[in-house]
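The values are calculated or read from the model by the stated rules, or taken from the named source; none is laboratory data. Predicted model only: the values in this text are computed from it and were never measured. Here the Cβ positions follow ideal geometry from the backbone for every residue, glycine too, while neighbour counts run over all protein chains shown. Side chains are part of the model used for accessible areas, which takes the heavy atoms of the whole protein and leaves out ligands, DNA and RNA. Shrake-Rupley method; radii C 1.70, N 1.55, O 1.52, S 1.80 Å.
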Amino acid sequence: MSVQNLEENNGDGNLSQVRHVVLILSGKGGVGKSTITTQLALALTHAGNKVGILDTDLCGPSIPRMLSVGRPDVHQCDSGWVPVYTDSRKNLALMSIGFLLADPDEAVVWRGPKKTALIGQFVSDVAWGELDVLLVDTPPGTSDEHLAILENLKKHRVDGAVLVTTPQAVSTGDVRREITFCKKTGVRVLGVIENMSGFVCPHCSECSNIFSKGGGEELAKLTGSVFLGCVPLDPQLSSSIEEGKDFAELFPDSTTFSAISSISHTILNSLQTT
Amino acid sequence: MAEVLDNVPEHCPGTTSEQAGKSSTCQGCPNQTLCASGATKAPDPAIAEIGAKLSSVKHKILVLSGKGGVGKSTFSAHLAHALAGDSTKEIALLDIDICGPSIPRIMGLEGEQVNTLHIVHQSGSGWSPVYVEDNLAVMSIGFLLSSPDDAVIWRGPKKNGMIKQFLRDVDWGELDYLIVDTPPGTSDEHLSIVQYLGSTHVDGAVIITTPQEVSLQDVRKEIRFCQKVKLPIIGVVENMSGFVCPKCKNTSQIFPPSSGGAEKMCADLNLPLLGKVPLDPRIARSCDEGKSFLSEVPDSPAAKVYQKIVQSIQDYCSNSATQQQDITTRQE
């Protein structure tokens, strides 16, 4: 793959006013990439940043529901598709394939080349305007979508990738491969987040490590990456996500939110220092 | 097969479609002449070969989910273990998750990865699968990777080629059950497995979901996919359904069924719900250690639900076999 050559192209276009681009990756599905993406975005907007989310999971777009934006019509302007804003101050912009589907239950049964074409458009044709951070949520794996995202984003710039894993070895094993993917494609690993890390019983406060414990930190050590922190399993977070409510606003004092907020600070710092 | 949507750019019309080689997007494609000649519309000869190869496999079950991380591999592995509990039956488990193969670890075969070249050797009739027990064979791309760091950065066609090889070139032998574990989504791998199994009888798919709507919305798409490709659905399993605290025995809905869970979805879509498997830290631990949860803690509530689900799947398959026979007899 010749991603390096593409860098010389100066077709910045719609991404020219985007300061930082961060990929949210995981080799494993269902570890909470989309959840972490939305929560980081909310934490960053609450800290005064303008944030965009590009949902590139074509076969299973989850972000529109998590941000409770429904299925609005996507409008076109001169410079491309107008993203959907989740708040009146236009601090959080979102683009997802979910918006383009007529029937939410319809399966997007596409092979690679078609996905690659749409991602190419997504990346270059959305009129993001001015953004501090663009978070790119990805599907699981290391295949067509990932290569397409990188090929198209490299024209602009990718600051790095945040890797999400759950603590068990079955998950960290896949994420380890994703780190190899980052190394091979020249994407900086900003750090590893361990999601679904422990569950504190709301009845007796006993902590159960449902999906084991410590795997994310171990993986970070093993691969020489930064460990960004643990996000616990929290039914309040799951239900906020289900109902598309702003968890940061509802439970600002929870340990889960403080974990997310501290991770978002670390990421922001690491973006600003490079 | 591929959906054409409004607002979405037209790309490759598909090598087997009517427009192959003729549509405007084909201009400039290096394969245009080949597509226009009609050669690509002929069925892949591998489909017939696979049909012949798998004619000695009695039952074929696909494990599917639109959503990742809901427990497809965990379920596939335990279904295989449970079926292999009957030593008179021959079981095989095929992992077609090319970019994230979890089956080797869950089946306790990861430590052997270093020696993969010795394990997966070419025998007279093809690649030999790896045996966990005398009657339980496993095949996964994980066995072909030399290090746990290896990433399989492959686009669709290469993944499809691998799946074809797994079906055609692996020496499966006489099998009672072939269980196919799939990656999340509705893309290359899924289309390929259905296509390659096109000339054989597939009993059906078991759909795995977790209780939340965020998961169900993807799973509905997978069900729609099954309907499109005419793949029968054996039933739905709701995994990670509630968590019983080991200390105080109270149940918490960690992944809340805010839209009624799999139960409501099954009722709406008229599909059988095979069972609800609770969250149990011992399941994740068994998977990490490569052991069968069903033999580690056979008396746990989760293991009991599993056994019931496996029983329903066995019943379904033997009924579907009888029906299949009836159809063949009638045709004769």
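Okay, here's what the table says:
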{"item": "Cβ-Cβ under 6 Å pairs, at least 6 apart or on other chains, region B:21-42 side closer than 26 Å to B:TYR196 by Cα, far side among the polar types (S, T, N, Q) and modelled with pLDDT under 75", "result": "B:CYS35/B:THR15; B:THR40/B:THR15; B:LYS41/B:THR16"}
{"item": "Residue pairs meeting the criteria (Cβ under 8 Å; at least 6 apart or on separate chains; first touching a residue at least 40 places away in the same chain (Cβ under 8 Å), in region A:83-99; second in a loop (DSSP other than H, G, I, E, B) and among the acidic types (Asp, Glu))", "result": "A:ILE97/A:ASP57"}
{"item": "Residues being modelled with pLDDT under 95, more than 18 Å from A:GLN236 (Cα to Cα) and among the aliphatic types (A, V, I, L, M) - total across region A:197-221", "result": "0"}
{"item": "Only listed residue being modelled with pLDDT of 90 or more, within 11 Å of chain A (Cβ to nearest Cβ) and either within 26 Å of B:LEU197 (Cα to Cα) or in a loop (DSSP other than H, G, I, E, B) (or both), chosen from B:VAL70, B:VAL63", "result": "B:VAL70"}
{"item": "Matching residues, region B:170-212, being of a type in the set (Gly, Ala, Ser) and either surrounded by 24 or more Cβ atoms within 10 Å (Cβ to Cβ) or within 7 Å of chain A (Cβ to nearest Cβ) (or both)", "result": "B:GLY185, B:SER187, B:ALA205"}
{"item": "Cross-chain or 6+ apart pairs with Cβ under 6 Å, region B:146-157 first and under 15 Å from A:LYS114 (Cα atoms) and open to solvent by less than 50 Å² (accessible area, probe 1.4 Å), then assigned to a helix (DSSP H, G or I) and small (Gly, Ala, Ser)", "result": "B:GLY156/A:GLY112"}
{"item": "Positions within region A:142-161 being within 24 Å of B:SER102 (Cβ to Cβ) and in contact with a Gly (Cβ under 6 Å, 6 or more places away or on another chain), in sequence order", "result": "A:ASP144"}
{"item": "Subset of region A:116-149 that is facing chain B (nearest Cβ under 7 Å), surrounded by 20 or more Cβ atoms within 10 Å (Cβ to Cβ) and on the phi < 0 side of the Ramachandran plot - its residue that is modelled with the lowest pLDDT", "result": "A:LEU118"}
{"item": "Which listed residue is touching a residue at least 60 places away in the same chain (Cβ under 8 Å), in contact with a helix residue (DSSP H, G or I) (Cβ under 8 Å, 6 or more places away or on another chain) and within 14 Å of another protein chain (Cβ to nearest Cβ), from B:GLY261, B:GLY290", "result": "B:GLY290"}
{"item": "Of residues in region A:154-194 being among the polar types (S, T, N, Q) and touching a helix residue (DSSP H, G or I) at 6+ places or on another chain (Cβ under 6 Å), the one nearest to the other protein chains (Cβ to nearest Cβ)", "result": "A:GLN168"}
{"item": "Subset of region A:49-69 [in contact with a Gly (Cβ under 9 Å, 6 or more places away or on another chain) and not in a helix (DSSP H, G or I)]", "result": "A:LYS50, A:GLY52, A:ASP55, A:ASP57, A:LEU58, A:CYS59, A:GLY60, A:PRO61, A:SER62, A:LEU67, A:SER68, A:VAL69"}
{"item": "Residue, modelled with the highest pLDDT, within region A:1-48, restricted to residues that are open to solvent by 60 Å² or more (accessible area, probe 1.4 Å) and in a helix (DSSP H, G or I)", "result": "A:HIS46"}
{"item": "Condition met for B:SER215 (within 25 Å of B:ALA137 (Cβ to Cβ) and touching a residue at least 60 places away in the same chain (Cβ under 8 Å))", "result": "no"}
{"item": "From the options A:LEU250, A:LEU219, residue that is among the hydrophobic types (A, V, I, L, M, F, W, C), in contact (Cβ under 8 Å) with a residue 12 or more places away in the chain and within 12 Å of chain B (Cβ to nearest Cβ)", "result": "A:LEU219"}
{"item": "Neighbours by Cβ (under 8 Å, 6+ apart or cross-chain): first from region B:218-235, at the interface with chain A (Cβ under 9 Å from one of its Cβ atoms); second in a helix (DSSP H, G or I) and not aliphatic (A, V, I, L, M)", "result": "B:PHE225/B:HIS190"}
{"item": "Condition check for B:ASN239: more than 8 Å from chain A (Cβ to nearest Cβ), out of contact with any Asp or Glu (no Cβ under 8 Å at 6 or more places or on another chain) and within 27 Å of A:THR172 (Cβ to Cβ)", "result": "yes"}
{"item": "Test: B:GLY71 is out of contact with any strand residue (DSSP E or B) (no Cβ under 8 Å at 6 or more places or on another chain) and in contact (Cβ under 8 Å) with a residue 12 or more places away in the chain", "result": "no"}
{"item": "Spans of helices (runs of 4 or more DSSP H) in region A:123-232 with at least 3 residues under 17 Å from the mean Cα position of the chain (by Cα)", "result": "A:144-153, A:169-185"}
{"item": "Wholly within region B:117-211, strands (runs of 3 or more DSSP E) carrying at least 1 residues that are touching a His at 6+ places or on another chain (Cβ under 6 Å)", "result": "B:175-181"}
{"item": "The lone exception for B:GLY108 - which of (1) touching a strand residue (DSSP E or B) at 6+ places or on another chain (Cβ under 8 Å); (2) assigned to a loop (DSSP other than H, G, I, E, B); (3) closer than 25 Å to B:VAL194 by Cα it fails", "result": "(3)"}
{"item": "Some residue of region A:83-106 being at the interface with another protein chain (Cβ under 7 Å from one of its Cβ atoms), of a type in the set (D, E, K, R) and over 21 Å from A:SER238 (Cα atoms)", "result": "yes"}
{"item": "Selection status of A:LYS155, over 27 Å from A:VAL189 (Cβ atoms) and open to solvent by 10 Å² or more (accessible area, probe 1.4 Å)", "result": "no"}
{"item": "When residues of region A:206-262 are limited to those that are closer than 19 Å to A:SER26 by Cα and among the acidic types (Asp, Glu), the one most open to solvent (accessible area, probe 1.4 Å)", "result": "A:GLU218"}
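A quick yes/no check of all residues on (1) farther than 24 Å from B:LEU231 by Cα; (2) of a type in the set (Asp, Glu):
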site	(1), (2)
B:TRP127	yes, no
B:VAL132	yes, no
B:ASP150	yes, yes
B:ARG155	yes, no
B:ASP181	no, yes
B:PRO184	no, no
B:LEU191	no, no
B:THR200	no, no
B:GLY204	no, no
